[in-house]
Amino acid sequence: MAPSVGLGLVALAWFGGAVAAHWPRFPEVDGERWFKHLWQTRSEALGRATPLPWHPFARRPETRLLAPQTWVPPKGASAEEMAHVASLAAIPAGRARWDALWKGAPASGVDGLSWRASFGVNAAAPAAELASAIRGRSPFALFAVTDDETLGPRPLARAGALLGADVVPFTDVAATSAALVDRIANTETLPRVMLLGEGRGVHAILKALVEHPGLRDVTVGVGGLSAAIGGREGDTSETGETATKDWLARWFDQLELDTEALAAVPYASMAFVDPDAWPVGRPGLPLANTRFPEPRDGGAPHACVVPLDFGVSVDDVDLDDALLSFVATLIAIHRHWAD
């Protein structure tokens, strides 16, 4: 499990106006590191019992857990990472291998991250206080598409009450997409927006973004939390695995999702898993289907869509802390890329 990290104050990067740590342009590992660092810090300050699974060598964990002996190292993998994964092969498949995957995370991986504290928020502050700080400082409107049939925990169930998000319940893709666009268009002024979806709700968000260039131009971040981005297994509807992957192959494209300003927009995801389930994940929703895929190039002159994987968490966590940390991290990424 993740090593202990402790900070008296959490500096939410947007609130500080800048981030002290260096942020590469396409930070797959750093995205999860920032998110887990902020979340773990808050969890420890509040005395939460469940540590968060984080390790720089555990990207896309299912490929390392199911068959570590056949794992193909990604470009840039270090000798330490290859040895770490190879050691899993000697451990029986199941919970023991899951636990071993997260052991030995180097302290520099998390504790080495520095947040500028010009706007300090006490890590032990009540959720309502931290949420109020986010609402008060955020330069955008938050919209959440919720789904009563989400497979797993529902981190957006309290997005309205906690963060003042404008909540659109999922019914079907077309109707929900239209309702979302209508809700945004009927705000007093067209704000910059952050769009979050859980379960099938993320499909309505993607449809709206593809069909409305004006919406893309004001979107600062897209999030899928406990989302069936790649579709649900065994579902033969429009949100099933086959139909969804066909749609993504056609429309999840840099050209189809470009912005007028050619600005990079983070499309971030996180998944909840039951570590006792095998294969890792949850029935009906493989881990690979909880992430945004790499978009096709489509001939676009600039990469506007930047998929980021914020990794996995176990089910038994505080969902308010998960949501607050997720939104704060997306704010940090957007502000740092914009500066």
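A Cα-only calculation for region 125-338 places Rg and Dmax at 16.1, 49 Å. Using Cα positions and a limit of under 28 Å, work out the lysines in reach of Lys207, with same-chain residues fewer than 8 apart set aside. Within the straight-line limit of under 28 Å, Lys207 reaches these lysines: Lys245.
Computed on the Cα trace of region 187-237, the radius of gyration divided by the Kirkwood hydrodynamic radius gives Rg/Rh = 1.05.
Starting from 0.36 nm per residue, how many nanometres of slack lie between Ala178 and Ala263 once their C-alpha separation is accounted for?
Working: separation 85, 0.36 × 85 = 30.60 nm, distance 2.46 nm.
The span from Ala178 to Ala263 would gain 28.1 nm if fully extended.
Net charge near Pro295: determine it from the other residues with C-beta under 9 Å of the C-beta of Pro295, scoring Lys and Arg +1 and Asp and Glu -1. Once all neighbours under 9 Å are counted, the net charge is -3. Using the Cβ-Cβ distance between Ala86 and Ala243 with R0 set to 30 Å, the FRET efficiency from 1/(1 + (r/R0)^6) comes to roughly 0.20.
Looking at region 170-319, the DSSP beta bridges with both ends there are about 10 percent antiparallel.
Compute the Cα gyration tensor for region 58-99, then decide on rounded, prolate or oblate, letting a ≥ b ≥ c be the square roots of its eigenvalues: rounded whenever a/c is under 1.5, prolate when a/b is larger than b/c in the other cases, and oblate in all that remain. Prolate. Distance between Cα centroids, region 184-238 to region 63-88: provide it in whole Å. Distance between centres, Cα-based: 34 Å. Between Glu294 and Asp217, the contour length at 0.36 nm per residue exceeds the alpha carbon distance by 25.7 nm.
In summary, region 261-326 shows an alpha-carbon radius of gyration equal to 1.39 times the 2.2 N^0.38 Å reference for compact globular proteins.
Where a number appears in this text, it was derived from the coordinates with a stated rule and is not lab data. This one's a predicted model, so the numbers in the text were calculated from it and none came from an experiment. Neighbour counts run over all protein chains shown; Cβ positions are idealised from the backbone, glycine included.
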